[in-house]
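To start, the structure under review is shown below, and the notes come after it.
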Amino acid sequence: MIKKLLMAAVILATAVPAAAQGSRRSEVSVSYGVAPVTDWIDSYSNILTGVIAGSDSDLTGWGTVTVGYSFRVIGSLRIGAQVAYSSNTQEIKKTGSEIKNRYWTLMPNVKWNWLNLKIVSFYTRVGAGASFSKAKIGGQSDKSTLFAFQVSPVGVEVGGRIAAYAEAGIGTSGSLLVGARYRF
């Protein structure tokens, strides 16, 4: 599954710049996000497991790292794609075992800059795609494909060709994201 995800990213990275010729400007970005929905889902499954099985568990995760590429289609509208990675570990207290969850996500997205000032701009980003998950417990593992999304109604960028940004929203990339982007 990871091979397919990487293959899709390579195809996208080679095909999209060809479509982004002329006056269109490309953009690459990297961000870190806290509280992705994948952690929320695993937290709620912990609650259900505790009620049904009578065991308690702790969830620890470190957030999501997202890398993206987009190009300007027309005016302030951009289309692109993002690849995200997140993981968490569920420690089941009474049994001493743990479940390790890993998520790779590929999401096409749309970004609209709705207010552009000299060095500050505000935008909205919406994306939908697929998450490829793998859960390991002991010597066993389980893989699945899940629907992935990111809705960030408010984002702010500060800078020019190189900029820092922050987004607030909900989804696979996180509820609060901070990152940097480069336009070329």
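The values are calculated or read from the model by the stated rules, or taken from the named source; none is laboratory data. Note that this is a predicted model, so its numbers are computed, not measured. All Cβ positions, glycine included, derive from the backbone under ideal geometry; neighbour counts span all protein chains shown. Only protein heavy atoms, including side chains, enter the accessible area calculation; ligands, DNA and RNA are left aside. Shrake-Rupley method; radii C 1.70, N 1.55, O 1.52, S 1.80 Å.
Scan the stretch 80-117 for residues that are farther than 16 Å from Val30 by Cβ and either open to solvent by less than 70 Å² (accessible area, probe 1.4 Å) or not β-branched (Val, Ile, Thr) (or both) and the total you get is 24. Of the numbered criteria (1) buried (at least 16 other Cβ atoms within 10 Å of the Cβ); (2) out of contact with any helix residue (DSSP H, G or I) (no Cβ under 9 Å at 6 or more places or on another chain); (3) touching a residue at least 40 places away in the same chain (Cβ under 8 Å), the one Ile137 fails is (1).
Okay, residues lined up against (1) under 17 Å from Gly33 (Cα atoms); (2) polar (S, T, N, Q):
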| site | (1), (2) |
| --- | --- |
| Ser87 | yes, yes |
| Arg102 | yes, no |
| Asn116 | no, yes |
| Phe122 | no, no |
| Asp142 | no, no |
| Phe147 | no, no |
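Looking at (1) in contact with a Lys or Arg (Cβ under 9 Å, 6 or more places away or on another chain); (2) surrounded by 14 or more Cβ atoms within 10 Å (Cβ to Cβ), which is the only condition Ala128 fails? Ala128 satisfies all of (1) in contact with a Lys or Arg (Cβ under 9 Å, 6 or more places away or on another chain); (2) surrounded by 14 or more Cβ atoms within 10 Å (Cβ to Cβ) except (1).
Note on the stretch 47-73: among residues that are among the charged types (D, E, K, R) and farther than 19 Å from Pro36 by Cα, the one that is modelled with the highest pLDDT is Arg72.
The set of residues in the stretch 144-182 that are at pLDDT below 95 and among the basic types (Lys, Arg) contains only Arg161. The set of residues in the stretch 88-122 that are more than 29 Å from Gly61 (Cα to Cα) and either in contact (Cβ under 8 Å) with a residue 12 or more places away in the chain or of a type in the set (Lys, Arg) (or both) comprises Trp112, Asn113, Trp114, Asn116, Lys118, Ile119, Val120, Ser121, Phe122. Per the listing Leu146, Leu177, the residue uniquely on the phi < 0 side of the Ramachandran plot and buried (at least 19 other Cβ atoms within 10 Å of the Cβ) is Leu177.
Of all the residues in the stretch 152-172, those that are under 16 Å from Pro36 (Cβ atoms) and surrounded by fewer than 15 Cβ atoms within 10 Å (Cβ to Cβ) number 1.
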